[in-house]
Each structure stands twice: as structure tokens, then as C-alpha cells.
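Asker: Before we start, here is the structure in question, set down as C-alpha cells.
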Amino acid sequence: MDSPVPPRPAEPRPRRRDRHGRGMRGPVAPPQVPLSASRADTFRDLVEDSVERLERRWPQLADVDFLVLEVPVAPEEAVPLGVSLPAGRDRPARVVVYRRPVELRAKSRDERALLVHEVVVEQVAELLGLSPESVDPRYGQD
């Protein structure tokens with residue numbers, strides 16, 4: 001006798017919805033929205049913006065590595081906001097900006113952006129052996 005119900009497939013189909021008609025939950029915000037970017041990503045973007053601004057004026061900064069680390073490895077008496085390391089035999093010069101100490105000192109996004117730029121300018125000035133005002137004429141201005 002023929003069965004009115006078709007046979008079940010050998011492989012189970014992926015479930016698109018649960019039994020209540022609700023589907024899989026998607027992301028809270030689309031990737032274009034700043035809400036989906038982490039604090040570390042937005043901080044890294046601030047550093048990259050400062051570096052791009054300085055590289056237009058100082059093309060030799062293309063050979064310098066700019067890094068963002070959470071905290072200094074071995075803090076001294078005062079916690080530094082950044083450090084510059086001259087080039088070695090097998091590595092290029094580096095400028096390191098420490099994210100957590102900078103974030104703790106800035107109260108708003110605008111203050112954080114300004115402080116990040118000042119730290120980058122100070123470390124580049126130390127690396128180049130110049131004053132921060134000569135590296136960026138707008139240094140210290142709001």
C-alpha cells in the first residue's frame with residue numbers, strides 16, 4: 001500500500017526557526033554602526049588618525065611601527081602614557097601608546113582623542129629629537 005506521507009530525508013535539514021516561530025538572533029547593531037566597535041578598536045583608530053596626520057608632514061614616520069598596548073609591562077613610579085623605542089639592529093623604531101592609562105585620564109571622547117594625539121606627538125618628538133611644537137604646530141592647543 002502506498003503511504004500518503006513522503007519519506008524523511010536521510011540528512012536532517014538545518015532548523016531556521018524554533019518551534020515558537022522565532023529565528024536566530026542577529027547582531028545587536030550592524031557593523032557600520034560605532035556601537036559594534038570595541039573600545040580597543042576605537043582607540044586604535046584614534047592612534048591611526050594621529051599617525052596619518054603626522055605622516056603627511058613627516059614622511060620618515062612611514063618606517064616607524066606604531067603599537068597600542070593595554071598597559072605598560074613594568075610600570076615605574078609614574079605610569080607612562082606612551083614610550084618611544086629607537087631602531088635596533090633587526091627591528092624598526094617603535095612608538096607605543098598605552099590604552100588603559102590614557103582612557104583613565106580622559107573623561108570624554110574628545111578629551112581622549114586630544115590626549116592620544118598629544119601622546120603620539122610627544123613620543124614622535126622624542127624619537128626624532130625635536131620639540132613637540134616643531135612636530136605639530138597645533139600641539140598643546142585645544
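The values are calculated or read from the model by the stated rules, or taken from the named source; none is laboratory data. Worth saying up front: this structure is predicted, and the values here are computed from it rather than measured. Virtual Cβ from ideal backbone geometry, glycine too; neighbours counted across all protein chains shown. Accessible surface is based on the protein model in full, side chains and every heavy atom, while ligands, DNA and RNA are left aside. Shrake-Rupley method; radii C 1.70, N 1.55, O 1.52, S 1.80 Å.
Asker: With a 1.4 Å probe and every protein chain left in place, tell me how much accessible area Asp45 has, in Å² to the nearest 10.
Answerer: Solvent-accessible area, nearest 10 Å²: 80 Å².
Asker: Does the range 67-142 come out rounded, prolate or oblate by the C-alpha gyration tensor, with a ≥ b ≥ c the root eigenvalues, rounded set by a/c under 1.5 and, if not, prolate when a/b is larger than b/c and oblate if not? Present the calculation step by step, with values, prior to reporting the outcome.
Answerer: Numbers: a/c = 2.14, a/b = 1.14, b/c = 1.88.
It is oblate, given that a/c is not under 1.5 and a/b is not larger than b/c.
Asker: Sticking with this structure for a sec: Of all trypsin sites (Lys or Arg not before Pro) in the range 80-142, which ones are in loop regions per DSSP and have a Cβ with at most 13 other Cβ atoms within 10 Å?
Answerer: Values: sites: Arg89, Arg94, Arg99, Arg105, Lys107, Arg109, Arg112, Arg138; in loops: Arg89, Lys107, Arg138.
Those that pass, being in a loop and sparsely packed, are Arg89, Lys107, Arg138.
Asker: Run the paramagnetic zone check for Arg91: 7 angstrom along Cα to Cβ, then residues of the range 37-62 with backbone nitrogen under 13 Å.
Answerer: Counting only backbone N, you get no residues.
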